[in-house]
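Presented below is the structure to which this report refers.
The values are calculated or read from the model by the stated rules, or taken from the named source; none is laboratory data. Since the model is a prediction, treat every value here as computed from it, not as a measurement. Because the Cβ atoms are built from the backbone with ideal geometry, glycine has one as well, and the counts that use them run over all protein chains shown. Areas reflect the complete protein model, heavy atoms only, side chains present, ligands, DNA and RNA absent. Shrake-Rupley method; radii C 1.70, N 1.55, O 1.52, S 1.80 Å.
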Number of protein chains: 2
Amino acid sequence: MEQPPWNVMVATCPSRTSLARIANKWTAMIVIALTSGRLRFGEIRRAVDGISGKVLADTLRDLERDGIVSRTAYDEMPPRVEYDLTPLGRSLRGPLTALGQWAEAHIEEVEASRAAYDEKTMPEEISTR
Amino acid sequence: MEQPPWNVMVATCPSRTSLARIANKWTAMIVIALTSGRLRFGEIRRAVDGISGKVLADTLRDLERDGIVSRTAYDEMPPRVEYDLTPLGRSLRGPLTALGQWAEAHIEEVEASRAAYDEKTMPEEISTR
DNA sequence: ATCTGCGGTTACGTTGAGGTAACAGGTTAC
DNA sequence: GTAACCTGTTACCTCAACGTAACCGCAGAT
């Protein structure tokens, strides 16, 4: 395999648009949700607590367009559509679940750091306890 | 290690704010840039091509607040400030560099998928109606 | 001394992401 | 029949992220 000329650190490189798509909280949560298998729209919406229908629809469309997620619409009534990770999308599970687990594992450290930072930079007013 | 009660899939869980911070294109690129070692503000700005001074300053401040990046200001003239990954930040290098490499490695697949998607969904010409 | 240049930061205006709520359309209940 | 309901999508409006450009403070040049 040749070394590709693509470089996300170059502003005009197309790979940066791809990085922007995958380095995104909604993308991360949707991919994490789909890790356990294919899901319907409503199921993803319930799995990714707090996501609005619009954002979910938009993000899924972008992910489908980029070949990360597959969309299968069944012509029945009421309408049913199932989403799944493509092989390409499955290759993202590792890094993205790692980010999710990192956020959960280190939130206490992060919050402690935030408290120390705020204490140091802001005059002591609220909190103090 | 006990299993933490934190869960990024729950909208109100504090870990989600942390996920939002790290699942971000600017964060990813800055961490990638700092992977090779500590850098000054201007050096990061040159490394992360196209980032504006404001966004770089804001993102670095947030990363410092979260304990991911350390900031060392030298009291000399002209002013000099160096940024480095903390141990916590170093634990992000793996997943974030993986995302960067993914973007570079799969951009051709992604672009092909986009082209196919656009071809399929958009008619050749705009149907004037 | 004043002028110029650079590193880091901040004020302001614009754009685009995201939330709200209504919609399409078929199926069931009446 | 039609009225209510369910799934996925879309129109509209708000607000925060982002880029532009000016700013601040001092060193070195003139």
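Quick notes
- Cβ-based charge dipole, chain A, positive-most Cα from A:N24, A:G37, A:G100: A:G37
- Of A:K54, A:K120, the order by accessible heavy-atom surface (1.4 Å probe, DNA, RNA and ligands excluded), from most exposed downward, is A:K120, A:K54.
- For chain B, size of Cβ-based charge dipole, Lys and Arg +1, Asp and Glu -1, in debye: 480 debye
- The modelled label-to-label distance for the pair A:R93/B:K54, using points 7 Å beyond Cα in the direction of Cβ, is 4.1 nm.
- Split the accessible area of region A:14-121 by element, probe 1.4 Å, and carbon with sulfur accounts for 50%.
- The residue among B:V69, B:G89, B:V48 whose Cα reaches farthest toward the positive pole of the charge dipole of region B:45-94, with charges on the beta-carbon of Lys, Arg, Asp and Glu, is B:V48.
- Mean-position separation - Cα centroids, region B:5-84 and region A:43-70, in angstrom: 27 Å
- Cut-off 15 Å (backbone N to label point 7 Å along Cα→Cβ of B:A112), residues of region A:57-75: A:66-68
- Backbone amide hydrogens, once placed in the peptide plane, bring A:R80 within less than 5 Å of A:Y74, excluding anything fewer than 5 places away on its chain.
- Partners of B:K54 within straight-line reach, counting lysines whose Cα lies under 18 Å from its Cα and excluding those fewer than 8 residues away in the same chain: B:K25.
- In region B:15-33, the residues whose accessible area drops by at least 50 square angstrom when the other protein chains are added to the isolated chain are B:R16, B:S18, B:L19, B:A23, B:K25, B:M29; the probe is 1.4 Å and only protein heavy atoms count.
- Across the copies of the chain, B:G94 has label points (7 Å from Cα along Cα→Cβ) spaced 1.1 nm apart, shortest distance listed first.
- When only the Cβ of Lys, Arg, Asp and Glu is charged (+1, +1, -1, -1), the dipole of the protein assembly as shown relative to its Cα centre reaches about 160 debye.
- Accessible surface, region B:56-111, averaged per residue in Å² (probe 1.4 Å): 46 Å²
- Heavy-atom accessible surface that B and A bury in contact, both chains counted, 1.4 Å, Å² to 100: 4900 Å²
- Region B:2-129, relative contact order [Cα under 8 Å, separation at least 6], %: 22 percent
- Full-extension gain in nm, B:Y74 to B:A11, via 0.36 nm per residue minus C-alpha separation: 18.6 nm
- Relative to the other identical copies, A:Y117 shows label-point distances of 3.3 nm, where the label point lies 7 Å from Cα along the Cβ direction and values run shortest first.
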